[in-house]
Amino acid sequence: MEVLAALAIISVALYTVTQAHVTSIKGLRYSNNITVAASYVSDMVERIKANKEGALLDYYKYSSSSSNVLSSQDGCEGGGGCGSKGLAEYDLENWVAAMPKSLLRAQAEVTAVDVVDDTIKVSVFWDNDNSGSTGTENCPPKSDADKDCYSLTVSL
């Protein structure tokens, strides 16, 4: 009888430790994804700041959930003379191609927030828990239907 009681106590303790470990791993994955998303978003912000003219003319507007078709701008490599529109297209093409694979079902967007104050918003959305979330309207997420996200709004 005492052996059964000891086994029951050990089982409960092992279950608790296992659940704590699973929660810890989920938290680490989310932290890693936030770090990856922040780096990815910061990359585009730096690209936009380097081509302020293109940003002010709204050439960086992009959403991976729309039917945007990015055209290849080979002449922009190495500081080639491709103009602000060509450079914006080149930046977007390379940025989208570099979408981190670790962010499940990732989507990205670049939007003008305030044309008077010259502010832009760069966002990336992903399904962190692999639950099939699809929403990209709310950042931060407001329901389980919304994807996890990282967004940065900057003034040019």
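Derivation of every value follows stated rules applied to the coordinates shown; laboratory data play no part. Just so you know, these numbers come straight off a predicted model, no measurement behind them. Because the Cβ atoms are built from the backbone with ideal geometry, glycine has one as well, and the counts that use them run over all protein chains shown.
Measuring r between the beta carbons of K52 and V96 and using R0 = 22 Å, the FRET efficiency lands at 0.60. Taking only the Cα atoms of region 79-156, the radius of gyration and Dmax are 14.7, 46 Å.
Angle of helix 83-97 to the longest C-alpha principal axis of the chain, folded into 0 to 90 degrees and rounded to 10: 20°. Mind checking the angle between helix 2-50 and the chain's longest principal axis? C-alpha axes, 0 to 90 degrees, to the nearest 10. Taking the Cα atoms of the chain, the angle to 2-50 is about 10 degrees.
Remark on T134: its backbone amide H falls under 5 Å from those of K147, a criterion applied only to residues 5 or more positions apart or on other chains, H modelled at 1.01 Å from N. Between region 10-49 and region 127-145, the alpha-carbon centres lie 16 Å apart.
Can you give the helix-only mean residue ellipticity at 222 nm for the chain, where every DSSP H stretch with n ≥ 4 adds -39500 (n - 2.57) and the sum goes over all residues, rounded to the nearest 500 deg cm²/dmol? Computed mean residue ellipticity for the chain: -15500 deg cm²/dmol. Summary of packing: across the peptides 3-12, 126-135, the per-residue average of other C-beta atoms within 10 Å ranks them, highest first, as 126-135, 3-12. Enclosing the Cα atoms of region 16-58 in their convex hull gives a volume equal to 47 cubic angstrom per residue. Across all directions, the average projected area of the convex hull around the alpha carbons of the chain is 12.1 nm².
In the chain, a dipole from Cβ-located charges (positive for Lys and Arg, negative for Asp and Glu) runs towards its positive end, and of A8, A55, S155 it is A8 whose Cα lies farthest in that direction. The lysine pair count for region 1-139, using Cα distances under 23 Å and pairs eight or more places apart or on different chains, is 12. Charge dipole (Cα centre; +1 on Lys/Arg Cβ, -1 on Asp/Glu Cβ; no other charges) of region 91-156 amounts to roughly 220 debye. The listed peptides 98-104, 117-123, ordered by packing as a protection proxy, come out as 117-123, 98-104 (highest mean of other Cβ atoms within 10 Å first).
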